[in-house]
Amino acid sequence: MQATGKVRASAVTTLVRLIAAGGAAGVLAAAVALPAVGGAGIAVKSATEDLRLQPEELEEPPLPQVTEILDVNGKKFAQFYYENRESVSLDQVAPIMQQAIIAIEDFRFYEHGAIDLEGTLRALVKNLTSGGITEGGSSITQQYVKQVLVNAAENKEDQDAAVEASLTRKLNELRHAMAIEQKYTKDQILERYLNIAYFGAGAHGIQAASKRFFDKPASKLELHEAATLAAAVQNPSSTDPNVSKAQRKRLQDRRNLVLDRMAELKKISKEEAEAAKKRKLGWKDTEMPGGCEQSKYAYFCMYTRYEILNNRQFGKTPEERERRLVRGGLTIKTTLDPKMQKAAEKAIRKYAYPSDKPVVSEAMIVPGTGEIRAMAASRTYGNKGKKNEMGYNVVADEAHGGAIGFQTGSTAKVYTLVAALEKGMKLSDGFSSGNVYYAPSASAFRDCKNNLVGIPGHPVRNSSEGGGGFQNLQTGTWNSVNTFFMQLQQRVGLCDTVKTAEKLGMKRANGEKLEQVETFTLGVNESDPVTVANSYATIAARGKYCEPMAITEIRERDGKTKTYKPKCKEVLDPEVADAANHILSGVFTKGTMRDKGNIGRDAAGKTGTTDDYTAAWFAGYTPDLAAAVSIGDTRGAFTHDLTNVTIGGTSYTHMYGSSIAGPVWVESMRAALAGTRATSFVPVNMARFGGCASSCAPKPVKKEPRNGGDGDIDTGGGDGDGGDADSQGENGADRRFDRNFGDERPITPVE
């Protein structure tokens, strides 16, 4: 203790001698007047160093600002930030706050220039003689300069250099402070200082601090609150109220010191100071959510975030885009509709619990624009490993924070249906379909590289959703008959079916190309609700494909605004889409959804149940809104299938697309579109698609069995125009074909 006192006495003596030397030496004395004197030491090269005390321009990069994400109504539902900061003008800061910060940090702020020699000397002597840090030595302008340098630092080395206890750093700081005093008025400097200062608890700038500490804007601060924030600036790491009770006690003690100082300077009366000192600290611990985990609409937030990070129009590199998102102070307006979002969430909650192992997810998209209106799931998003949390975006693809998705099942049959209509098939075209299908040869299916992918020995069976018999485009779709669609895909051609799916926007959730395999039409490719919903939206929009869209406008911190329009193109003949709409509408009235309710307006869709019940889907649309609902177990769909499962408190032996996904779709769409004008589908062109081209249901006439035949004639199940369309080959192979399909493709009869 005695040695420490000698050091302090020696430092004071040295300082007095330097000041007595006058001029530059006196400024040097002020320059070394750092708070950390009693032990840390100060690197002073020489008292006679050439100080070069000329103003030096300070580069002031924009301060990191909070980026806000808004819904279609302009209401914030998420925010991103590197530093929790919301810059405000000085007139938005309560005058008592301005007085408090000046009183404790630089009471002669409006009277001196870049440095207050008198105040610095007094602070140094006081700190040396008291054995602690009781008063700051740097002017507010100097503190502002230091904060700018810290914020501009790109790495830890630069940050350390910005705060090191050295004469070089102090002199550089002073040179910059001189330039700042020439560049700005005192009020402007104070405003900049209040916006850059760190107050603790993750709050940067006075506005964020006021909201974080007291849940109010800086303009509404009262005396005891202003004194608290003024107290927090000096050493926020030791007075951070978010850390512990001990930290809060230190902050309160420091607050009382500020109140005493304000009374001493006659900014407030002693009575006001004493009354304020009796007030509790008032720490509100107001959460300042950042990132998607704390967003009300986390999945949509994630999608928006990845739209920014993945898109070069928002920055040349991922690092630049990330920096812009968390530091740029952007205002991003999105396509999210809270009404539709709540409709999806409510419907899902009705049928599934967050504690269920399988997850129910839904996406809603506007046909003709691609605008995503809702993204919901039965579990909340979170990455802290809490119970029932989802660690990724189960509603979207991998490029938007998702994973591999689930096999789409019979929702993929729609792409084969559309391809058949494009080929010229009519509503009643069809053929006999048994309960089991085998490819007649390896050449029955070729991918787009002309590789043979047929598997003759592989049986494809119908599920309980649809049986055999004669089926046409309508009945085969309504009843989701697997064997019918295998034959239909064989006639259309696998490659053409895949190309149809691709131009409707279908892709695998992991970003890889669609697998071109024999059972493509049965939905073996894994995808996500956003992608599936958007492919169906293309049909709803009469063949107009639009990229899924989440962002409509970005406003920069300087007010410059850029709007984003839908990116669309025609990919289908509108009349082909009309015919598909006509057929898919029957799913609700005559097919797998006939007893699941309706939404009170034109609607079309398709159930989807995968092989071995690994996932279940329903995808559908009206002319105004499309949606897709998926159900699957994220632990692994093949190891944890949807047989003998309990979801939402109900047990299911087998999960079909019509079990939960269909009802969720109906209820969510009904609520999402409530109060909006109903739009009708364009009627199908019956002159083009009515009846059948050549393969209508045969008349129920008894025939003699032939060699290789089974002796039975399937009766019609559709609304064909009659006539015997049977034309058997030598070995009993069914060679019915449409001239639009080119070469004959024999179909082996099945039992």
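The values are calculated or read from the model by the stated rules, or taken from the named source; none is laboratory data. Please read these numbers as outputs of a predicted model, since none were measured by experiment. Note that each Cβ is placed from the backbone with ideal geometry, even for glycine, and that neighbours are counted across all protein chains shown. Heads up: the accessible areas ignore ligands, DNA and RNA and are worked out on the full protein's heavy atoms, side chains in. Shrake-Rupley method; radii C 1.70, N 1.55, O 1.52, S 1.80 Å.
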Checklist entry - Given N residues in region 575-625, what is Rg(Cα) / (2.2 N^0.38 Å)? => result 1.20
Item to check | Kirkwood hydrodynamic radius (C-alpha pairs) into Stokes-Einstein, region 435-592, 20 °C and 1.002 mPa s, D in µm²/s | outcome: 122 µm²/s
Next on the checklist: What distance in nm lies between label points placed 7 Å from Cα along the C-beta direction at D187 and K357?
Outcome noted: 6.8 nm
Checklist entry - What part of the accessible area of region 345-445, given as a whole %, is carbon or sulfur when the probe is 1.4 angstrom? => result 49 percent
Checklist entry - Cα-Cα pairs above 19 Å in region 414-512: how many percent? => result 45 percent
Checklist entry - Using a basic spin-label model with each label point 7 Å from the Cα along Cα→Cβ, how many nm lie between Q294 and K346? => result 2.9 nm
Checklist entry - If you take the Cα Rg of region 204-255 and divide it by 2.2 N^0.38 Å, with N the number of residues, what do you get? => result 1.03
Item to check | Stokes-Einstein diffusion coefficient of region 448-495, Kirkwood radius over Cα pairs, 10 °C, 1.306 mPa s, in µm²/s | outcome: 135 µm²/s
Checklist entry - Bin by bin, in steps of 5 Å, what percent of the Cα pairs in region 265-353 do you find, going until the bin that has the longest distance? => result 3, 10, 13, 14, 11, 9, 8, 8, 7, 7, 7, 4, 1, 0
Next on the checklist: Using 10 Å bins from zero, what percent of all Cα-Cα pairs in region 316-456 falls into each bin?
Outcome noted: 9, 21, 28, 22, 15, 5, 0
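Per Stokes-Einstein, at 4 °C and 1.567 mPa s, what whole-number D in µm² s⁻¹ belongs to region 246-299, with the Kirkwood radius over Cα pairs as the hydrodynamic radius?
95 µm²/s
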Checklist entry - How many percent of all Cα-Cα pairs in region 555-639 sit more than 16 Å apart? => result 68 percent
Checklist entry - Expressed as a whole number of Å, what is the distance separating the alpha-carbon centroids of region 299-318 and region 333-366? => result 22 Å
Next on the checklist: Test of understanding: what is the full-extension gain from E575 to T639, defined as 0.36 nm times their sequence separation minus their Cα-Cα distance?
Outcome noted: 18.8 nm
Item to check | Bins of 5 Å from zero: percent of alpha-carbon pairs in region 176-245 | outcome: 3, 17, 25, 23, 14, 10, 6, 2, 0
Next on the checklist: Highest mean first, how do 356-367, 167-178 rank when packing is the count of other Cβ atoms within 10 Å averaged over residues?
Outcome noted: 356-367, 167-178
